[in-house]
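Here is the structure we will look at, set down as structure tokens.
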Amino acid sequence: MDSQTDALLFHLLTTQRTAALGSLRGGVPNVSMVLFAEAPDFQRFYIHISRLAQHTQDLLADPRAGLMISEPDAHAKDPQTLARISMLGEVTQLAADGAGFAAAQAAYLLRFPQARSNFLLGDFGLYEFTPRSARFVADFGKIFNLKPGDLRRVSGR
């Protein structure tokens, strides 16, 4: 990817706040919308979700997941040209007393300060999605297969 494409991906990952989360529900894909925050090096993405939600139950049974982040459709251009990244990976719950929890929580609350009270609810947990591979569509016909190292490079860290 060139520097302009890197900048587009960086902008996408740092400005969008919602993602489509794909989990497996009884072996069948289940997709839902989640809020997310990124780690500074783009090696992890944090989601704060309720154990009562279907997607959380799915992830506790099978941690394999997909996360798709897309540029919003503002009806200003061909929707097939919208920038988007689809990542495949695993989701794990972060222990509140474990390494990395405080940094992940801080990143999440920086993006979603209104979620502070949710951290006091017993059914909510902080989870990290770790991408193993990704496919970035920068424009129509401008498609890149990425590895975690590529995401780290784009992050500048």
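The values are calculated or read from the model by the stated rules, or taken from the named source; none is laboratory data. In this text, all values refer to a predicted model and were calculated from it rather than measured experimentally. Here the Cβ positions follow ideal geometry from the backbone for every residue, glycine too, while neighbour counts run over all protein chains shown. The protein model used for the area step is the full one, side chains on, heavy atoms only, and it has no ligands, DNA or RNA in it. Shrake-Rupley method; radii C 1.70, N 1.55, O 1.52, S 1.80 Å.
Other residues with beta-carbon under 11 Å from the beta-carbon of Asp41 carry, at +1 per Lys or Arg and -1 per Asp or Glu, a net charge of +3. Averaging the sequence gap over all C-alpha pairs within less than 8 Å and six or more residues apart, then dividing by the number of residues, gives the chain a relative contact order of 28 percent. The mean accessible area for residues of the chain, using a 1.4 Å probe and ignoring ligands and nucleic acids, is 53 Å² per residue.
Summarising the overall dimensions of the range 1-106 from its C-alpha atoms, the Rg and Dmax are 15.0, 46 angstrom. Both radii were evaluated on the Cα set of the range 42-97; the Rg over Rh quotient, with Rh as the Kirkwood radius, amounts to 1.09. As a rough guide to protection, the peptides 93-100, 105-112 ranked by mean Cβ packing within 10 Å, highest first, stand as 105-112, 93-100.
Simple rule: put +1 on each Lys or Arg Cβ and -1 on each Asp or Glu Cβ in the range 1-101, find the dipole, and look at His55, Ala7, Gln93; the Cα lying farthest toward the positive end is His55. Against the main long axis of the alpha-carbon atoms of the chain, helix 101-111 sits at an angle near 60°. Along its three principal directions, the equivalent ellipsoid of the range 106-157 from the Cα gyration tensor extends over semi-axes of 31, 12, 12 Å, largest first.
Quickly estimate the mean residue ellipticity at 222 nm for the chain, helices only: each DSSP H run with n ≥ 4 gives -39500 (n - 2.57), and the total goes over all residues, rounded to 500.
On the way: 4 runs with 40 residues, N = 157.
Mean residue ellipticity at 222 nm (helix-derived): -7500 deg cm²/dmol.
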